[in-house]
Each structure stands twice: as structure tokens, then as C-alpha cells.
1. For the range 1-122, with the dipole built from +1 on Lys and Arg beta-carbon atoms and -1 on Asp and Glu ones, taken about the Cα centre, which of Leu98, Phe70, Pro88 lies farthest toward the positive end?
2. Relative contact order of the range 149-228, please, whole-number percent, based on alpha carbon pairs below 8 angstrom and at least 6 residues apart.
3. Over the chain, what is the relative contact order in whole percent, taking alpha-carbon pairs under 8 Å and six or more residues apart?
4. Less than 15 Å Cβ to Cβ from Thr99, Lys/Arg counted +1 and Asp/Glu -1: what total charge do the surrounding residues give?
5. Under the Karplus relation 6.51 cos²θ - 1.76 cosθ + 1.60, θ = phi - 60°, what is the ordered set of whole-Hz ³J(HN,Hα) values for the range 26-37, x standing for Gly and Pro?
6. By how many nm would the segment from Gln186 to Leu219 grow when fully extended, if each residue of separation counts as 0.36 nm and the alpha-carbon distance is taken off?
7. At a threshold of 8 angstrom on Cα-Cα distance, excluding pairs fewer than six apart, so keeping six or more, what relative contact order does the range 78-189 reach in percent?
8. Provide the solvent-accessible area of Asp209, counting protein heavy atoms only and rolling a 1.4 Å probe, rounded to the nearest 10 Å².
Amino acid sequence: MSFRLSYRADPGNPWFSWQYLRDNSDTLVAALRDHASLTARAVLIAALIAVPLAVVAYWFRPLAGPILAFTGVLYTIPSLALFAFIAPYLGIGTVTVLTVVVLYALLVIVRNTVAGLTQVPPEVREAAEGMGYGRWGRLFRIELPLALPGILTGLRLATVSTVALVTVGVVVGRGGLGQVIFAGFQNNFYKAQIMAGTLLCVLLALVLDLILAGVGRLLTPWLTRRSS
């Protein structure tokens with residue numbers, strides 16, 4: 001037995017409305033600001049955790065598999081289930097949302113940072129050792145700078161995915177633009193409201209990605225010179 005969903009266009013409920021944008025600009029700007037703040041904080045926290053984890057995986061190769069496997073398992077847990085697991089312990093609100101999205105961002109940043117570090121040419125590491133650099137000196141003066149392209153790739157991917165995932169935070173009362181989208185469903189499937197929240201999410205992801213791409217160009221000028 002097969003089922004087919006029917007759809008009838010409703011001219012009184014369009015997917016886009018300038019009137020809705022004008023009447024609700026303050027609400028949309030507040031939701032966008034909240035969404036951007038949650039995304040920035042989550043990616044920053046994830047980077048502060050993931051980069052040291054990647055360094056540990058790079059220095060102690062037997063730990064690389066378990067670290068990547070652990071972050072990979074976290075990434076496979078359905079987001080709604082993870083919110084359900086964590087909310088009873090951390091409560092409803094910002095802390096729970098940040099915890100969930102940080103856990104999801106770890107895998108992307110760890111994997112790309114490890115890849116960037118392992119791609120540092122062995123002769124460069126040997127030359128640094130010959131110049132008297134110890135492990136920490138090589139890391140901060142040689143290896144991390146050369147691994148920056150990989151790290152920034154991980155940050156860009158994590159940022160874009162975090163923008164999307166923050167919307168799910170609506171289930172614990174703090175979803176940024178997810179609040180707008182969900183309210184559209186509650187408001188008799190108000191398409192203009194749903195579309196406005198969706199388009200702002202896409203725009204935010206694009207803007208943040210472009211900002212990180214620009215930062216990457218500033219921090220890795222040798223790549224720009226090489227490609228020109």
C-alpha cells in the first residue's frame with residue numbers, strides 16, 4: 001500500500017513576506033544575535049578542547065584511535081536524544097545547548113587538526129630539532145602554524161554545522177533562530193516565519209564561513225602567495 005501526500009498552495013500564507021519582516025524585525029534581530037552568540041561560544045569552547053586533544057593524539061599515536069573513536073561516537077548520537085540525556089543534569093537553557101553543540105563540534109576539529117599536524121613534513125621537524133627546539137617549541141613555533149590550514153578547515157566546518165545544530169536547542173528553550181522556526185510551526189504553519197528563520201540561519205552560516213576564510217588568508221599568507 002502506498003501513500004501520497006497532497007499539497008495545496010495557499011496564497012494567504014506565502015513562503016516570503018516583506019510585511020512579516022518589517023513587523024517582526026526586532027524579534028528576528030534578537031534571535032539572530034542570540035544564535036550568533038551561541039554559535040561563537042560553542043565553537044570557541046570546542047576549539048579549546050579539541051586542539052589539545054588533537055595534540056595528544058599527535059604526540060601519543062596509540063591514543064589517536066581512541067580519541068577519534070570517542071568523538072566519533074558522540075557525533076553519531078541523535079541530537080534530540082543527547083539533549084534528553086543531558087537536560088536532566090544541566091537543566092533547561094544555555095548551558096545544555098552549549099554542551100550538546102560543543103560535543104558535536106569536537107570530531108570535526110580534532111580530525112582536521114590531527115590531519116594538519118601529521119602533514120607537517122618530517123624534514124621540517126628534523127630541522128627544528130637540529131635548531132634546538134624541544135617538543136613544546138616545535139609545537140608552537142613550527143607545527144601548529146604549519147597545521148593552521150587544517151585547523152581552520154575544521155573550524156569552518158564546525159561553525160557551519162553548529163549554526164544548523166543550535167536551532168535544535170529550541171527543545172530546551174534556547175535555540176536562537178530555532179525559536180522563530182518552531183514558532184512558525186506552532187502559528188498554524190506560518191510559512192513566512194519559518195522561511196525567515198531558515199534564511200537567516202543560512203545567511204549567518206555563510207557570513208561566519210567567509211569571516212573564517214578571511215582570517216585564514218591573513219594567518220596563512222604563504223598559501224596565498226603560493227597560489228598566485
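1. Looking along the dipole axis, the top candidate is Phe70.
2. Details: 63 pairs, mean separation 24.3, N = 80.
Worked out over the range 149-228, it gives 30 percent.
3. Numbers: 250 pairs, mean separation 61.9, N = 228.
Over the chain, the number comes to 27 percent.
4. Working: positive: Arg41, Arg174; negative: none.
So the environment of Thr99 carries a net charge of +2.
5. 5, 5, 5, 5, 5, 5, 5, 4, 5, 5, 5, 5
6. Numbers: separation 33, 0.36 × 33 = 11.88 nm, distance 4.52 nm.
Roughly 7.4 nm would be gained on extension.
7. Values: 91 pairs, mean separation 37.9, N = 112.
Contact order relative to length: 34 percent.
8. 40 Å²
The values are calculated or read from the model by the stated rules, or taken from the named source; none is laboratory data. Model, not experiment: these values are computed from the prediction. With ideal geometry, Cβ positions are generated from the backbone for all residues, glycine too; neighbour counts draw on all protein chains shown. Areas reflect the complete protein model, heavy atoms only, side chains present, ligands, DNA and RNA absent. Shrake-Rupley method; radii C 1.70, N 1.55, O 1.52, S 1.80 Å.
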